[in-house]
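Read through the structure below, which is laid out as structure tokens, and then see the notes.
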Amino acid sequence: YASMLEGIAWDSIPRTFQDAMQFAVSLGIENIWIDSFCIIQDDIVDWQEQAAHMASIYQNSYVTLAATTSLNSEAGCFW
């Protein structure tokens, strides 16, 4: 977690997340919320803290992108 605060190498980001980031940039959006990056995985306390803010995060979003047909985080958003 601490190392991710310094930055994340592009090639270490799963393709689905890369696609979402590129889509956001194409809309002129500089910030993106990706649950599995923004919530510490396997940490119930962090999940509970962040879940309390979920409604306001999604309520105030410009757009919500859901990769519903992607098999996993490596499959990508688009075909």
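In the set 61, 73, 36, which member is within 21 Å of residue 3 (Cα to Cα), within 13 Å of the chain's Cα centre (by Cα) and modelled with pLDDT of 85 or more?
Residue meeting the stated conditions: 73.
Of 56, 70, which residue is without any contact (Cβ under 8 Å) to a residue 12 or more places away in the chain and open to solvent by less than 100 Å² (accessible area, probe 1.4 Å)?
56
Restricting the search to segment 8-42, which residues are under 20 Å from residue 57 (Cβ atoms) and in contact (Cβ under 8 Å) with a residue 60 or more places away in the chain?
16
The values are calculated or read from the model by the stated rules, or taken from the named source; none is laboratory data. The shown structure was predicted, so the numbers you read here are calculated from the model rather than taken from an experiment. Don't worry about glycine lacking a Cβ; one is built from the backbone with ideal geometry, like all the others, and counts go over all protein chains shown. Surface areas here come from the heavy atoms of the whole protein model, side chains and all, with no ligands, DNA or RNA. Shrake-Rupley method; radii C 1.70, N 1.55, O 1.52, S 1.80 Å.
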